[in-house]
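Peer 1: Once you've had a glance at the structure underneath, I'll fire off some questions.
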Amino acid sequence: MKKSYKAVRMERHHKRGGASGLNLVSLMDIFTILVFFLLVNSSSVQQLPSSKAVKLPASSAQQMPEETVILLVNNDQILVQGRLIANVSDVIDIEGNFINPLLEEMKIQSLSSFKEVSEEEGLDVTIMGDKKIPYKLLRKILATLSEANYTNISMAVMKKSDSQANTTEN
């Protein structure tokens with residue numbers, strides 16, 4: 001029996017449409033990009049800038065550092081956020097408790113801070129100081145920071161491994 005024109009046309013139409021499937025290649029591409037994005041941006045460890053000129057003291061502290069203004073002090077220079085502020089030899093010879101270039105820079109840093117802070121609360125700063133810097137220099141730095149309303153002062157240290165901590169405790 002011969003099929004009608006309409007029946008032939010309907011058969012052709014149904015063959016063309018078929019069952020539409022899910023395109024897995026593009027879906028896999030999207031998930032791969034998503035996984036890489038999450039891996040790159042999910043770091044929970046804050047890295048302090050490293051400097052070969054600074055040997056940090058060791059500590060068994062468990063608290064992780066927060067993002068703050070970083071003050072780097074080595075045997076030769078004082079740097080704030082990587083910018084040279086003063087030479088240590090000049091600062092030690094200064095009479096008085098304040099380091100004026102550091103005070104000015106810290107006031108500039110406080111103005112550029114996005115954090116709204118009251119006078120009582122104070123701002124945050126992290127000092128990365130070499131373990132061999134003189135106490136006289138550290139005292140001047142701390143006095144200058146408190147004068148600039150940086151009262152939440154953290155000292156950066158190298159975390160001791162558990163085996164080192166156990167040997168020093170015994």
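The values are calculated or read from the model by the stated rules, or taken from the named source; none is laboratory data. Keep in mind that this is a model prediction, so the values were computed, not measured. Glycine also receives a Cβ, built like all others from the backbone with ideal geometry; neighbour counts cover every protein chain displayed.
Peer 1: Modelled with pLDDT of 85 or more, surrounded by 17 or more Cβ atoms within 10 Å (Cβ to Cβ) and out of contact with any Gly (no Cβ under 6 Å at 6 or more places or on another chain), is that true of Tyr135?
Peer 2: Working: modelled with pLDDT of 85 or more: yes; surrounded by 17 or more Cβ atoms within 10 Å (Cβ to Cβ): no; out of contact with any Gly (no Cβ under 6 Å at 6 or more places or on another chain): yes.
Considered against the rule, which asks whether it is modelled with pLDDT of 85 or more, surrounded by 17 or more Cβ atoms within 10 Å (Cβ to Cβ) and out of contact with any Gly (no Cβ under 6 Å at 6 or more places or on another chain), Tyr135 comes out as no.
Peer 1: Would you confirm, using the coordinates I've provided, whether Thr151 is at pLDDT 70 or above, among the hydroxyl-bearing types (Ser, Thr, Tyr) and in contact with a Gly (Cβ under 7 Å, 6 or more places away or on another chain)? Spell out the reasoning first.
Peer 2: Values: at pLDDT 70 or above: yes; among the hydroxyl-bearing types (Ser, Thr, Tyr): yes; in contact with a Gly (Cβ under 7 Å, 6 or more places away or on another chain): yes.
Against the criterion (at pLDDT 70 or above, among the hydroxyl-bearing types (Ser, Thr, Tyr) and in contact with a Gly (Cβ under 7 Å, 6 or more places away or on another chain)), Thr151 qualifies.
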